[in-house]
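Novice: Take this structure, written in structure tokens, and hold onto it; I'll ask about it next.
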Amino acid sequence: QVQLVESGGGLVQPGGSLRLSCVASGSTFRFVAMGWYRQAPGKQRELVASITPVGNTNIVDSVKGRFTISRDNAKNTMFLQMNSLKPEDTAVYYCNRVYLAPWDWGQGTQVTVSS
């Protein structure tokens, strides 16, 4: 079973930036499409960005132009660059694969946008 470890969250003021990282164990990462999900308090987990094994990306409208997803298959790592953060971006952010049943979820990384 693949293990996922997210990091890079924190407290940031509106308009600020953060870069999240996701490291996956094992050897299957480079072959699967991956995504960043988030779950805000009282809300369902939602997919905000995805990336195919070769780097094609899809970003939801609510974060388009502000978030950028990327990956480094050689390091089993995926990133989410978040700019111009808004209070409504506050959530726990998780990574996992997309299109297939998810692997076991990691602990996630908390992002809090507040002044």
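The values are calculated or read from the model by the stated rules, or taken from the named source; none is laboratory data. No experiment lies behind these values; they were computed from the predicted model shown. Glycine gets a Cβ as well: all are built from the backbone with ideal geometry, and neighbour counts include every protein chain shown. The area values use the complete protein model at the heavy-atom level, side chains included, leaving out ligands, DNA and RNA. Shrake-Rupley method; radii C 1.70, N 1.55, O 1.52, S 1.80 Å.
Novice: Tell me which residues, restricted to segment 1-31, are in a strand (DSSP E or B), of a type in the set (V, I, T) and either over 14 Å from Y93 (Cα atoms) or open to solvent by less than 60 Å² (accessible area, probe 1.4 Å) (or both). Quick ask: steps written out before the conclusion?
Specialist: Going through segment 1-31, the residues in a strand (DSSP E or B) turn out to be 4-7, 10-12, 18-24.
Among the residues that remain, those that are also of a type in the set (V, I, T) are: 5, 12, 23.
Across segment 1-31, the qualifying residue is only V12.
Novice: I've got another one for you. For segment 52-69, does any single residue satisfy the condition of being out of contact with any Pro (no Cβ under 9 Å at 6 or more places or on another chain) and at pLDDT below 95? Reasoning before the result, please.
Specialist: First, the residues of segment 52-69 that are out of contact with any Pro (no Cβ under 9 Å at 6 or more places or on another chain): 52-69.
From what's left, at pLDDT below 95: none.
No, the conditions are met nowhere in segment 52-69.
Novice: When only residues in segment 48-89 that are in a helix (DSSP H, G or I) and farther than 24 Å from P14 by Cα count, which is most open to solvent (accessible area, probe 1.4 Å)?
Specialist: K75
Novice: On to the next question. Which of the residues spanning segment 32-46 are within 19 Å of M82 (Cα to Cα) and either open to solvent by less than 30 Å² (accessible area, probe 1.4 Å) or in a strand (DSSP E or B) (or both)?
Specialist: Within segment 32-46, M34, G35, W36, Y37, R38, Q39, A40, E46 meet the criteria.
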